[in-house]
Each structure stands twice: as structure tokens, then as C-alpha cells.
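Below: one structure, written as C-alpha cells.
The values are calculated or read from the model by the stated rules, or taken from the named source; none is laboratory data. All of these numbers come straight from a predicted model, not from anything done at the bench. Note that we place each Cβ from the backbone using ideal geometry, even for glycine, and neighbour counts take in every protein chain shown. Calculation scope for accessible area: heavy atoms of the full protein, side chains included, ligands and nucleic acids excluded. Shrake-Rupley method; radii C 1.70, N 1.55, O 1.52, S 1.80 Å.
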Amino acid sequence: MRRDRNVAFKADLFESLIDPQLFELPKELAIIDRLLDDERFLEPIRRKLTARRGRPTIPLETYLRMMYLKRRYRLGFEALVKEVADSLVWRRFCRLRLTDKVPDATTLIKLTHRLGPEVIEQLNDALMAQLVEARLMKRHGQRIRVDTTVVEANIHHPTDAGLLADGCGC
């Protein structure tokens, strides 16, 4: 389901009854949405998924966008599915209409295992590189500043009995 970014979001009858502003992506998701339209993000997935038999999986665009949300917001698969199902904005970002079923957590887990961690890491690296290239993010690891100031504090060395006493307020 491709949508032109310049056209108001109205994918079906139900969505046309809802105020279009409720579907507007926040700035960060709008930027990521444009970046993920690049075909190079789908290539690693397509290379890995070559099977022509079996039940069709979810649309690759939906999977890619759901994995972005999962990683960005540090969600588990179950929580991700619930959040996407409950949010009009996240549904739009994942290219799901109101009438579309959100992919099941088990489906996402199985697809992630099929792709393997190296493909997921390639996708994340490609996205980070594109964010840096577009000057939307600074490259990680260029500098680090550590505050090593020593400050006196009234503490005691932790023991099992002391921690138990601290925990129960005794």
C-alpha cells in the first residue's frame, strides 16, 4: 500500500470519516518514513527470503517499519503488536489501514529468526548511515566525555542483611 506523501491520508471509507490530523506522523516518524521508502532497505530482506512456496508472509514494508518501532522504543514483540493496533499514527507509519489486521507477534518473531541477526543489523546500519548522510543524526563514537569527579558520600558497604534492612525500611 503505497501512499503519496503530498496527498492527504485517506486509504478507505472508515479512515475518510476520521479527522486526517489524527493520522499525521510526528516529525521523527515522518523523516524515518521518507528514509524507509528507499528500496535499499528492502533488498537485504528480499535476498534472504527467496522461498516461493508456503503461506505468504506480511508485507516487507510493514515488517521493516514495525522493526524500526520495536528497536526505537525498545518494545517486545507482544507490546509492539498491541501499540501498533492501538495507534492510528503507528498504523499509518507501518502502512496498515484501519481494516488491516496487525501482524501477530509470533509471525514477527518467526520472520525475524528467518532473516537472522545479521540482516537486522545490516538494516539498522543502513538506516543509521542514511541518517548521518542526511545530517539528521551525528555519527556515534566520535567523542565521549566522562565526568570522573570524586564526591564524598555517606554510604555503607552493601551486605545481604543491610540490603534487606534497607528494602523493608527496618
Accessible-area composition of segment 33-126, carbon plus sulfur, in percent [1.4 Å probe]
50
So if R0 is 41 Å, what FRET efficiency would Val132 and Asp166 give, r being the distance between their Cβ atoms, rounded to the nearest 0.05?
0.35
Stretch gain in nm, segment Val89-Lys48, where the contour uses 0.36 nm per residue and the Cα spacing is subtracted
11.8 nm
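Given R₀ = 22 Å, what would the calculated FRET efficiency be for Glu78 paired with Arg34, taking r from the Cβ atoms and rounding to 0.05? Working shown, then result.
Working: r = 29 Å, r/R0 = 1.31.
The computed FRET efficiency comes out at 0.15.
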